[in-house]
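The values are calculated or read from the model by the stated rules, or taken from the named source; none is laboratory data. Computed from a predicted model, the values in this text were never measured in an experiment. We place every Cβ from the backbone using ideal geometry, glycine too, and count neighbours over all the protein chains shown. To get the accessible areas, we keep the full protein, side chains included, count just its heavy atoms, and leave off ligands, DNA and RNA. Shrake-Rupley method; radii C 1.70, N 1.55, O 1.52, S 1.80 Å.
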Amino acid sequence: MTVYIDPPDWPGHGRMWSHLVSDVSFEELHEFARRLGAPARAFERDHYDIPSHRYEDAVRAGAVRVRSREVVRILHASGLRRPKGRPGSAA
């Protein structure tokens, strides 16, 4: 089980955000996020949005630090990428 997180470099709603992804399954990702205490509403198509103040919590819980471009590569390689506006993009 490997879950990955990129740096909190994404602005939104007055704070910075990271993306939390799995390279295996959404079930694995949902379980990790549940244990982390991330709300279900933080899931967006193929990742969880994690606020910057929870970044280190995710790393301590076992998320592997990667660069933002790696998040997209991991999602594509795993077949879990769900781009906006495409069929299958509903959670």
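State, as an integer percentage, the relative contact order of the chain based on alpha-carbon contacts under 8 Å between residues 6 or more apart. Answer for the chain is 36 percent. What's the longest uninterrupted piece of the chain once you rule out the trypsin sites (Lys or Arg not before Pro) that are loop residues per DSSP with at most 12 other Cβ within 10 Å? Longest gap between qualifying sites, sites excluded: 1-66. In the context of the full set of protein chains, residues of the chain present 60 Å² of accessible surface per residue (probe radius 1.4 Å, heavy atoms only). Comparing S78, S22, S68 in a Gaussian network model of the chain, where Cα atoms under 10 Å apart are tied by springs, the biggest mean-square fluctuation is seen for S78. Shape call for the chain from the C-alpha gyration tensor, a ≥ b ≥ c root eigenvalues: rounded (a/c under 1.5), prolate (a/b greater than b/c) or oblate? In terms of gyration-tensor shape, rounded.
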